[in-house]
Amino acid sequence: MEDWYPVRLAPRDGTPVILWIEDEEAPPLFPVTVGMWEVDDISGLGNWRVFSPRFTTSLYFDRHIVGWRPLPRVYRA
């Protein structure tokens, strides 16, 4: 798990990050994908919104996240 940060250190401000996900009950189609933290306005509970195929999203919780990385920087000339 070198170069992966623990989920407790992940940004919780809506910043997109690369997530490594494991969920035995509902295995993700893409175990390494991009997602962001969001908080439900009504319940106040947070979750990871992950980009999925076919223009949909999936939700995961901290227990499903093995690690995270920041998105690579884009350098423009």
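The values are calculated or read from the model by the stated rules, or taken from the named source; none is laboratory data. For clarity, every value in this text was computed on a predicted model and none was experimentally measured. Here the Cβ positions follow ideal geometry from the backbone for every residue, glycine too, while neighbour counts run over all protein chains shown.
For the stretch 12-55, the set of residues classified as hydrophobic (A, V, I, L, M, F, W, C), farther than 12 Å from Trp68 by Cα and in contact with a Leu (Cβ under 9 Å, 6 or more places away or on another chain) consists of Val39, Val50, listed by residue number.
Select from the stretch 61-77 the residues that are farther than 20 Å from Leu45 by Cα and surrounded by fewer than 12 Cβ atoms within 10 Å (Cβ to Cβ) and write down the one among them that is modelled with the lowest pLDDT. Only one residue fits best here, namely Ala77. If we keep just the residues of the stretch 24-77 that are in contact (Cβ under 8 Å) with a residue 60 or more places away in the chain and of a type in the set (A, V, I, L, M, F, W, C), which is nearest to Asp13 (Cα to Cα)? Going through the qualifying residues, I end up with Trp68.
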